[in-house]
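The block underneath contains the structure these notes are about, expressed in structure tokens.
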Amino acid sequence: MPQATYHFPRGFLWGTATAAHQVEGSNTNNQWWKWEQDGHTNGTSGLACDWWGGRWREDFDRAAEGGQNAHRFSVEWSRIQPTPDTWDEDALERYRTMLRGLRERGMTPMVTLHHFTDPLWLAEYGSWETEAVVPLFEKFVRKTVEALKEYCTLWCTLNEPNGYALNGYISHNVAMFPPGKNNPKLAFKVMAIMIRAHAAAYRAIHEIQHEARVGYALNYRSFVPYRTWSPLDQLSVKTAFNSLNIGFPSALATGLMRSPLGSIKVPEAKGTQDYFGLNYYTKDYVTFDLRKPKTLFAHNFFAKDADLSDNKFMANEPEGMFDGLKWIVRTFPNLPIIITENGIEDADDHMRPRYIAQHIHQVWRAVNFNWPVKGYFHWSLVDNFEWERGWTQRFGLWALDTETQKRTKRPSADLYAEICKENGLSSEMVQKYCPEVFDKLFPV
């Protein structure tokens, strides 16, 4: 049996990622809370993981004890600016305390400034459907970064703006994200406005903190043609890829946002990223299907023999991670890359160990090509409220009992801790936690 370790560069960031609404609890002043109360989600967030009540301390302790040297979390706009004319200094102090907590535990913070949630007052204005949000977001960013800059230099302006626009404004069967509209042209407009807001935030942050590193997190999905020989399937892959993946990155690279619905010039966005944030979970096979006009004739599905998650929500397709990294390196040469999310829903932890090992192996492959991958954030530290799917999906290294707030360590938490402490993935780890993929990761 071969013995080896895939080591990562010194200083590599190993962490987990969370989002304010999903872990804080009692976030009653944003559009997602209202969306829950109106019955659009599978249950309600409630106390979530009770981080606003202070339980972030014990979870940060668990992360630090598990060898993690970084953590990505988001701030809640509606807490910091509860009305258009008021700022909550106590909320900002709580976030400062959290950041100090990370620093005291030897962990590098990454702060996300917008992770899907908008204050109710902003929703009444039309949220990201109106250009007026750009200066409002910039004002919020300036206030927040000024307050937190002592403890953080790594910023993520927007989490998955493509996901926000597509899930909120293109609903084929059921409304997923608020506001639950089905208007592709409006989705295109929202995306363009979010790009402008990102550019404004990028410049504002650098004005306040010259040493800042600023980016955003893209929801990247890998697509491959079902029939590799078929020009129609190849066209469908291109359509699917451009619909989800290309709009935001194209604007930041060239100042021109491209999509199947058209292009729009956003010159102020060109060059406004210091790293590329990649959220990768799964891969789709795509074929051309005349019965699917709503998806521009692209039919997406998982492989017949796919290694599927609990709710068949995603497939374990680690090669898609490498494909995404290769696309970034080729499209944005020399731009540092941070994997800002990667994980799997798996309540009984039967799948997560091999998912982690196989995906981290693909990250190592990229690093071994000298591609500039600087960190990996697993989603997530503890089970949290998964948006419209509520508590039906369990992504945590630690399980959460929502009734008692008790945390229970899953075996994958121990695997990830060994990876973080070793700064690498060893054959002994794979043999111990997921021997079923040993031959794939350490072939003879």
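The values are calculated or read from the model by the stated rules, or taken from the named source; none is laboratory data. Remember, predicted model here, so these are calculated numbers, not experimental data. With ideal geometry, Cβ positions are generated from the backbone for all residues, glycine too; neighbour counts draw on all protein chains shown.
Can you give me the number of residues within segment 180-217 that are part of a strand (DSSP E or B) and either touching a His at 6+ places or on another chain (Cβ under 8 Å) or surrounded by fewer than 17 Cβ atoms within 10 Å (Cβ to Cβ) (or both)? Can you show your working first?
Residues of segment 180-217 that are part of a strand (DSSP E or B), as a first pass: 213-217.
Pick out the ones that are also either touching a His at 6+ places or on another chain (Cβ under 8 Å) or surrounded by fewer than 17 Cβ atoms within 10 Å (Cβ to Cβ) (or both) and you get 214, 216.
Of the residues in that region, 2 qualify.
Considering only segment 247-273, state which residues are assigned to a loop (DSSP other than H, G, I, E, B) and either out of contact with any strand residue (DSSP E or B) (no Cβ under 7 Å at 6 or more places or on another chain) or surrounded by fewer than 20 Cβ atoms within 10 Å (Cβ to Cβ) (or both).
Correct list: Gly255, Pro260, Leu261, Lys270, Gly271, Thr272.
Would you point out the residue of segment 298-351, among those that are in a loop (DSSP other than H, G, I, E, B), among the aliphatic types (A, V, I, L, M) and touching a residue at least 60 places away in the same chain (Cβ under 8 Å), that is surrounded by the fewest Cβ atoms within 10 Å (Cβ to Cβ)? Before the answer, list the steps.
Narrowing segment 298-351 to residues in a loop (DSSP other than H, G, I, E, B): 302-307, 309-314, 316-318, 332-336, 342-351.
With among the aliphatic types (A, V, I, L, M) added as a condition, the list becomes 303, 306, 314, 335, 344, 347, 351.
Adding the requirement that they be touching a residue at least 60 places away in the same chain (Cβ under 8 Å) leaves 335, 344.
On the way: Leu335: 16, Ile344: 28.
So, considering only residues that are in a loop (DSSP other than H, G, I, E, B), among the aliphatic types (A, V, I, L, M) and touching a residue at least 60 places away in the same chain (Cβ under 8 Å), the one surrounded by the fewest Cβ atoms within 10 Å (Cβ to Cβ) is Leu335.
Answer with yes or no whether Tyr220 is assigned to a helix (DSSP H, G or I), surrounded by 17 or more Cβ atoms within 10 Å (Cβ to Cβ) and modelled with pLDDT of 95 or more. First the steps, then the outcome.
Working: assigned to a helix (DSSP H, G or I): no; surrounded by 17 or more Cβ atoms within 10 Å (Cβ to Cβ): yes; modelled with pLDDT of 95 or more: yes.
Considered against the rule, which asks whether it is assigned to a helix (DSSP H, G or I), surrounded by 17 or more Cβ atoms within 10 Å (Cβ to Cβ) and modelled with pLDDT of 95 or more, Tyr220 comes out as no.
Among what's in segment 64-97 and is of a type in the set (A, V, I, L, M) and in contact with a helix residue (DSSP H, G or I) (Cβ under 6 Å, 6 or more places away or on another chain), pick the residue that is nearest to Trp379 (Cα to Cα).
Among those that are of a type in the set (A, V, I, L, M) and in contact with a helix residue (DSSP H, G or I) (Cβ under 6 Å, 6 or more places away or on another chain), it is Val75.
Grab the helices (runs of 4 or more DSSP H) fully contained in segment 63-139, keeping just those with 1 or more residues being under 22 Å from the mean Cα position of the chain (by Cα) and either surrounded by fewer than 16 Cβ atoms within 10 Å (Cβ to Cβ) or hydrophobic (A, V, I, L, M, F, W, C) (or both).
77-80, 89-104
Between Phe241, Phe223, which is without any contact (Cβ under 8 Å) to a residue 40 or more places away in the chain, within 23 Å of Glu319 (Cα to Cα) and within 23 Å of the chain's Cα centre (by Cα)?
Phe241
For segment 240-249, check the following and say yes or no: at least one residue is of a type in the set (Ser, Thr, Tyr) and closer than 18 Å to Gly277 by Cβ. Let's see the steps before the verdict.
To start, the set of residues in segment 240-249 that are of a type in the set (Ser, Thr, Tyr) comprises 243.
With the extra rule that they be closer than 18 Å to Gly277 by Cβ, the set shrinks to none.
The answer is no, given that none of the residues of segment 240-249 is of a type in the set (Ser, Thr, Tyr) and closer than 18 Å to Gly277 by Cβ.
Just checking, how many residues over segment 30-62 are in a loop (DSSP other than H, G, I, E, B) and crowded, with 20+ Cβ neighbours inside 10 Å?
Total satisfying the criteria: 4.
How do the pairs read when you match residues in segment 8-34 that are closer than 18 Å to Ala64 by Cα and touching a residue at least 12 places away in the same chain (Cβ under 8 Å) with residues anywhere that are aliphatic (A, V, I, L, M) and assigned to a helix (DSSP H, G or I), using Cβ under 9 Å and keeping only pairs 6 or more apart or on different chains?
Note: pairs meeting the criteria are Phe12/Val367; Trp14/Ile419; Gly15/Ala63; Thr16/Ala63.
Please go through segment 391-408 and pick out each residue that is touching a residue at least 60 places away in the same chain (Cβ under 8 Å) and either crowded, with 18+ Cβ neighbours inside 10 Å or in contact with a helix residue (DSSP H, G or I) (Cβ under 8 Å, 6 or more places away or on another chain) (or both).
Those that are touching a residue at least 60 places away in the same chain (Cβ under 8 Å) and either crowded, with 18+ Cβ neighbours inside 10 Å or in contact with a helix residue (DSSP H, G or I) (Cβ under 8 Å, 6 or more places away or on another chain) (or both): Trp391, Gln393, Arg394, Leu397, Trp398, Leu400, Thr402, Gln405, Arg407.
For the structure I just gave you, tell me whether Gly277 is at positive phi and either assigned to a helix (DSSP H, G or I) or of a type outside the set (Lys, Arg) (or both).
no
Would you say Val367 is at pLDDT 95 or above and closer than 30 Å to Thr254 by Cα?
Values: at pLDDT 95 or above: yes; closer than 30 Å to Thr254 by Cα: yes.
When the stated conditions are applied, Val367 passes them.
Scan segment 367-394 for residues that are touching a strand residue (DSSP E or B) at 6+ places or on another chain (Cβ under 9 Å) and either within 22 Å of Cys420 (Cβ to Cβ) or in a loop (DSSP other than H, G, I, E, B) (or both) and report the count.
Residues in segment 367-394 being touching a strand residue (DSSP E or B) at 6+ places or on another chain (Cβ under 9 Å) and either within 22 Å of Cys420 (Cβ to Cβ) or in a loop (DSSP other than H, G, I, E, B) (or both): 17 in total.
Taking interchain pairs and intrachain pairs at least six residues apart, which have beta carbon atoms under 8 angstrom, with the first residue in segment 56-75 and closer than 16 Å to Gly25 by Cα and the second of a type in the set (Gly, Ala, Ser) and surrounded by fewer than 23 Cβ atoms within 10 Å (Cβ to Cβ)?
Pairs found: Trp56/Gly101; Arg57/Gly101.
State all residues of segment 191-210 that are out of contact with any Pro (no Cβ under 8 Å at 6 or more places or on another chain) and not small (Gly, Ala, Ser); if no residue qualifies, say none. Working first, answer last.
To start, the set of residues in segment 191-210 that are out of contact with any Pro (no Cβ under 8 Å at 6 or more places or on another chain) comprises 192-193, 196-197, 199, 201-210.
Listed by number, the residues that qualify are Ile193, Arg196, Tyr202, Arg203, Ile205, His206, Glu207, Ile208, Gln209, His210.
Which of the residues spanning segment 168-207 are more than 22 Å from the chain's Cα centre (by Cα), within 18 Å of Ser263 (Cβ to Cβ) and not basic (Lys, Arg)?
Correct list: Pro184, Leu186.
Test of understanding: among Lys283, Lys265, which residue is within 24 Å of Tyr376 (Cβ to Cβ) and modelled with pLDDT of 95 or more?
The match here is Lys283.
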